[in-house]
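Please read the structure below before turning to the comments.
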Amino acid sequence: MSLDPVSLGSLVDPDQDLPEAPDGKAIEGRSPWLLAWQRLRRDRVAMISLVVVVLIVLMAIFAPVATWLTGHPPNEQYRQIGLTPDGLPKGPSGQFWMGTDDLGRDIFVRVAYGARVSLLVGVVATGIAVAIGVIVGLAAGFFGGLVDTVLARLVDVILCVPFLLVAIALVSITGPGLSITILVIGFFSWASVARIVRGQVLSLREREFVEAARSLGASDRRIMFVDILPNVLAPVIVYTTLLIPVVIVVEATLAFLGLGLPPPTADWGGMISDGQAYYTTSWWFLMFPGAALLITTLAFNLFGDGVRDAFDPRSDQLLN
Amino acid sequence: MLRFLVRRTAQGLLVLWLITLVLFALFFVVPSNVARTLAGRQASPQTVALIQHRLGLDLPLWRQYVGWVGRALRGDLGYDYYHQVPVTTIIAAALPVTLSLVLGAAILWLVIGVFNGVMSAIHPRSFLDRSLTVFALFFYSMPSFLLGLLLLYFFYFQLTLAGFPLFPAGGYVPLSQGVGPWVDHLILPWFTLALVSAAIYTRLTRGSMLDVLGEDYIRTARSKGIAERRVVTRHGLRSALTPVVTQFGIDLGALLGGAVVTETVFSLPGLGKTTLDALNQQNQPVIIAVILLASAAIVVANIAVDVVYAVLDPRVRLH
C-alpha cells in the first residue's frame, strides 16, 4: 500500500472524534510555548528560584516598606545611635536588623533599596543588549553578503575588547551614573546575542515558509519580524534569562571598583566595597549585601537553567 | 593555513587600530586636567600651559595620535605623566604579577573543572553529579570580588584569629624571593580566580563528555574489551576536550590583560590594578598601552584557538 495522502485519508474517518488519552481527556494540540511552560512548571528548582526572583523584585518595588518598618530612611546617618563610641559600625540588633555601616546607616534598609539598582540595571541593560543583538543578528543573517560581513566584523571587534577595562575607562571618563552604567553594559553585551540569532536566521531563511511569505509579496521587514523572529525567540529568551545575572554581577563589579552610582545611593556592589575595609571588625557590613547579591544571581541562574531545559528537553538537565 | 594566519593577523591589527582610535577620541573629548594636577594648586596659567606643552597635550588630536602611533611602532609607548617612567617599564613590572596570578589559576581551574566534569559525565544523574552541578552553579553565580573577600575573611582573618596565620592579607612576593612565599601570597587569589572559572569548565566538560560518550566509536572501544578507565581517558576525553581548549584560550587571553578584580581585592600590583590606578589619575599613556596589550592578548588567543582547533580536529578546515 502506498502512503500517499489519498490512501491515508481513506484510513482516517474525518468525522471520527479525536482520540482519547488514557486518562479520558481529549488530546489537544499544544503549542511549543505551552509545552515549555508545562515542563518548567514541573521543574521544582526552577519554580523555587522563580519565587525567590519574584520576592527580590517585590523587595525592590516595596523598598520604602523597609523604611516604614524600621523608621530608618536609607541615607540617614545615625552617628549617635548607629555607631559604637569608637565610631565603628554596630552589629545586628533589634534596632538595626542587619547592623549599621561606617556612617551609621541602616544596612537592612540599604540592602532593600540596593535591589532597585541591581534589578534596574540587570533588566534594562539586558533589554538593550538583546534588542541590539536581535536586530543586528536578524539583519546579518537575513541580508547576508556585505551587510553580514560588516556586522560580523563589528561583532568580532566587540568580542575582542577587554570589556571590564574599557567599561572602567568609559565610566571614569564620563563620571559614574545610572544611565552610563546601563549603556556601557548594554553596548558590550549584545554581540553574543547577535551571533546566536544570526546562526538561527541563516538556516531559517532557506525554509519554505519564508519562500511562501515572499511569493505572497511580503516585504523584507515583514519576513524578518513577522515570519522569522518568532522562530528565534526561544533561544533568545533562554539567553536573556541567563544574561541578567551576568549583567547584575558586572554592575556590582563596577560599583565595587568605585565606578557604580555616586553616593549616597544604596548599591550592593558599592556597599560590599565600603564593607571590605571593615571586614575584620564588622562582618555584617560585608556579609549582608554580599548574601543579597549572591542569592539574586543564584536564583536567576537556576531559573535560567530551568528555562533552557524547558525549551530544549534534550539538553542535559541539571537538577531534576 | 598560511593564508588563514595572514588574514586573521590583518583582521587582528585592524581591531587593535580601531581600539587605539576610539581610546584617543574618548580621552580627547573629556577635558584633561592632568597638567593642572601636575602643576599644583598654586600654579599660574603659564605653568599649566608649559606643562601641557611639554606633555604634547596642546597639539591637535591628530598630531598627538600620529606621533603616538609612530613611536608605538618603534616600541616606545610613551611616558607615565606623573613619574616620567617609560610605560614599557611599568608594564614590565606589572606583567610578572599578572602572569603568576593568571597562569597559576588557569592550571587550577582546568584541573578542577575537567576532573569534576568527567566525574559528572561518567555518573550522570548520580548524587555526585548533582552535588558537582550545585557546586558549579554556586560558584558560577558568585561575583569574584565577593569570593575573594569571603576567602580573605575565612582563610586569612578567621584562621589568623584562631592562631593559624597561614595566609597573608594580600600583596605580592616575586618568585625570586622563594617559591614558598610566592605560593603563599598567591593561593587565595588563585582560588578566587579559579573557582569561578572552574564552574564554567565543569559544565562545559560534562556536556561535551556526555555527547562524546554517546558516540558509536566509544561503544566500539568498549565492545573490544578495553578497560573503562582507558575508554574514558583515551577515547572519550581526548575529543571531548576540544570545546574546553577553545574556551581556555579565550579566557586566558581575556585575563592576561589583567584580572582587575582579583588584583584589587588582594592588592596585587598586576596589569589590572595598574590600569585602575592609571584611570584614577587620568594617566593616559598607561591606560592606552595596557588596554591595547589586553586586546592584543585576546586577538592572539583567538587566532591560537582556531589553529589548535584545526590541529585537534582534522575535520575543521581553516579558510
Check: How well do other chains shield peptide B:135-143, expressed as the mean number of their Cβ atoms within 10 Å of each residue Cβ?
Finding: 6
Check: Based solely on its DSSP helices, what 222 nm [θ] is calculated for chain B when runs of n ≥ 4 H residues each add -39,500 (n - 2.57) and the sum is averaged over all residues, nearest 500 deg cm²/dmol?
Finding: -23500 deg cm²/dmol
Next item on the list: State, to one decimal in nm², a quarter of the convex hull surface area for the C-alpha atoms of the stretch A:216-320, i.e. the direction-averaged projected area.
Entry: 10.6 nm²
Notebook entry, point to check: Roughly how many nanometres apart are two label points built 7 Å out from the Cα toward the Cβ at B:V300 and A:S215?
Noted result: 5.6 nm
Checklist line | 3J(HN,Hα) from dihedral phi, the stretch A:161-174, Karplus parametrisation 6.51/-1.76/1.60, rounded to Hz, x for glycine, proline | finding: 7, x, 3, 5, 4, 5, 4, 4, 4, 4, 5, 5, 7, 7
Note to self: Could you derive backbone 3J(HN,Hα) for the stretch A:103-118 from the dihedral phi with the Karplus parameters 6.51, -1.76 and 1.60 (θ = phi - 60°), listing whole Hz in sequence and x where the residue is Gly or Pro?
What the structure shows: 9, x, 8, 7, 5, 4, 5, 5, 4, 4, 5, x, 4, 4, 4, 4
Next item on the list: Could you pull out which residues in the stretch B:71-110 have an amide N less than 19 Å from a spot 7 Å beyond the Cα of B:V308, following the Cα-Cβ vector?
Entry: B:99-110
Next item on the list: Express in % the proportion of alpha carbon pairs of chain B at distances exceeding 31 Å.
Entry: 47 percent
Check: Given only helices, namely DSSP H runs of n ≥ 4 each adding -39500 (n - 2.57), what is the per-residue ellipticity at 222 nm of chain A, to the nearest 500 deg cm²/dmol?
Finding: -22000 deg cm²/dmol
Note to self: Restricting to DSSP loop positions (anything but H, G, I, E, B) with no more than 12 other Cβ atoms inside 10 Å of their own Cβ, which trypsin sites (Lys or Arg not before Pro) remain in the stretch B:166-239?
What the structure shows: B:K224
Next item on the list: Pop out the ³J(HN,Hα) list for the stretch B:75-91 in order, Karplus 6.51 cos²θ - 1.76 cosθ + 1.60 with θ = phi - 60°, rounded to Hz; leave Gly and Pro as x.
Entry: x, 10, 8, x, 10, 3, 5, 8, 10, 6, 8, x, 4, 4, 5, 4, 5
Item checked: Pairwise Cα inverse-distance average, inverted: Kirkwood Rh of the stretch B:161-214 (Å) -> 13.8 Å
Check: Counting Lys and Arg as +1 and Asp and Glu as -1, what is the net charge of the other residues whose Cβ lies under 13 Å from the Cβ of A:E76?
Finding: +1
Next item on the list: Rounded to the nearest 0.05, what FRET efficiency do B:L18 and A:A277 give with R0 = 35 Å and r taken as the Cβ-Cβ distance? Could you check?
Entry: 0.35
Checklist line | A:V123 paired with A:E206, simple spin-label distance in nm, labels 7 Å along Cα-to-beta-carbon | finding: 4.0 nm
Notebook entry, point to check: Using 0.36 nm per residue, how much length does the chain from A:Q38 to A:L233 gain when fully extended, once their Cα-Cα distance is taken away?
Noted result: 68.4 nm
Checklist line | 10 Å Cβ neighbours from other chains, averaged over peptide B:13-23 | finding: 3
Margin query: Given the C-alpha atoms of chain A, compute the convex hull and give its volume per residue in Å³.
Written below: 212 Å³
Notebook entry, point to check: Expressed as a fraction of 2.2 N^0.38 Å, the rule-of-thumb size for a compact globular protein of N residues, what is the C-alpha radius of gyration of the stretch A:25-128?
Noted result: 1.61
Note to self: For the protein assembly as shown, place one equal point scatterer on every Cα, skip the solvent, and apply the Debye formula. What is log10 of I(q)/I(0) at q = 0.10, 0.11 Å⁻¹?
What the structure shows: -1.09, -1.30
Check: Once the Cβ-Cβ distance between B:T88 and B:L161 is put in as r, and R0 is 45 Å, what FRET efficiency do you end up with, to the nearest 0.05?
Finding: 0.55
Next item on the list: With springs only between Cα atoms under 10 Å apart, run a GNM on chain A and tell me which of A:L233, A:L286, A:L69 wobbles the most.
Entry: A:L69
Item checked: the stretch B:189-319: proportion of alpha-carbon pairs further apart than 24 angstrom, % -> 48 percent
Note to self: Restricting everything to alpha-carbon atoms, can you work out Rg to Rh for the stretch A:236-292 with a Kirkwood hydrodynamic radius?
What the structure shows: 1.09
Check: Given the alpha-carbon gyration tensor of the stretch A:137-230, what are the semi-axes of its equivalent ellipsoid in whole angstrom, ordered largest first, with each equal to the square root of 5 times an eigenvalue?
Finding: 35, 14, 9
Next item on the list: Give me the percent of Cα-Cα pairs in the stretch B:33-139 that sit more than 22 Å apart, rounded to a whole number.
Entry: 61 percent
Notebook entry, point to check: If each Cα of the stretch A:67-215 is one equal point scatterer, what is log10 of I(q)/I(0) from the Debye formula at q = 0.15, 0.19 Å⁻¹?
Noted result: -0.85, -1.06
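None of the figures in this text is laboratory data; all of them are computed from the coordinates on show. Since this is a predicted model, take the numbers as computed values, not measurements. Please note: Cβ atoms are built from the backbone with ideal geometry, for glycine as well, and neighbour counts cover all protein chains shown.
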